[in-house]
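Engineer: Structure provided below as structure tokens; questions to follow.
What follows draws every value from the coordinates through simple rules; no lab data is involved. Only a predicted model underlies this, so the values are computations on that prediction, with no experimental measurement involved. Here the Cβ positions follow ideal geometry from the backbone for every residue, glycine too, while neighbour counts run over all protein chains shown.
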Amino acid sequence: MLSLANQFVARATRLFFATVGEPALWTVSAQGRVVGSLVCQNGSWRLSWFNGADHRLTSYAGPLGGDVEVLAETLSARLGAPVRLESQPV
């Protein structure tokens with residue numbers, strides 16, 4: 001339980017810093033492999049896909065701003081399988 005709380009605090013801290021100008025990076029994973037990345041730098045969000053990423057994900061043109069959990073849920077619904085966004089140190 002403490003580990004989950006620590007993950008939540010770390011995720012919230014990175015999201016806070018991302019919105020105040022600090023760079024932030026998330027990997028996008030689906031079906032057991034990393035298929036893309038989400039970057040926030042200076043308040044600008046960019047979603048990039050790697051070669052071989054599913055077309056249902058790469059065709060996403062919706063909003064990116066702020067809530068990575070909502071984005072993960074949206075992408076999961078498009079793919080029909082769980083999509084994880086995992087915060088990475090920058």
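Engineer: Based on other C-beta atoms within 10 Å, arrange Val28, Val34 from fewest to most. Write out the running numbers ahead of the final one.
Structural biologist: Numbers: Val28 23, Val34 13.
Ordered from fewest to most neighbouring Cβ atoms within 10 Å, Val28, Val34 come out as Val34, Val28.
Engineer: Counting other C-beta atoms within 10 Å, which of Trp26, Trp45 has the fewest, and how do the rest follow? Mind dumping the intermediate values first?
Structural biologist: Working: Trp26 23, Trp45 17.
Exposure proxy ranking, most exposed first: Trp45, Trp26.
Engineer: Arrange Asp67, Asp54 by Cβ neighbour counts within 10 Å, fewest through most, would you? Before the final figure, lay out the partial values.
Structural biologist: Numbers: Asp67 12, Asp54 18.
By the 10 Å Cβ count, ascending, the order reads Asp67, Asp54.
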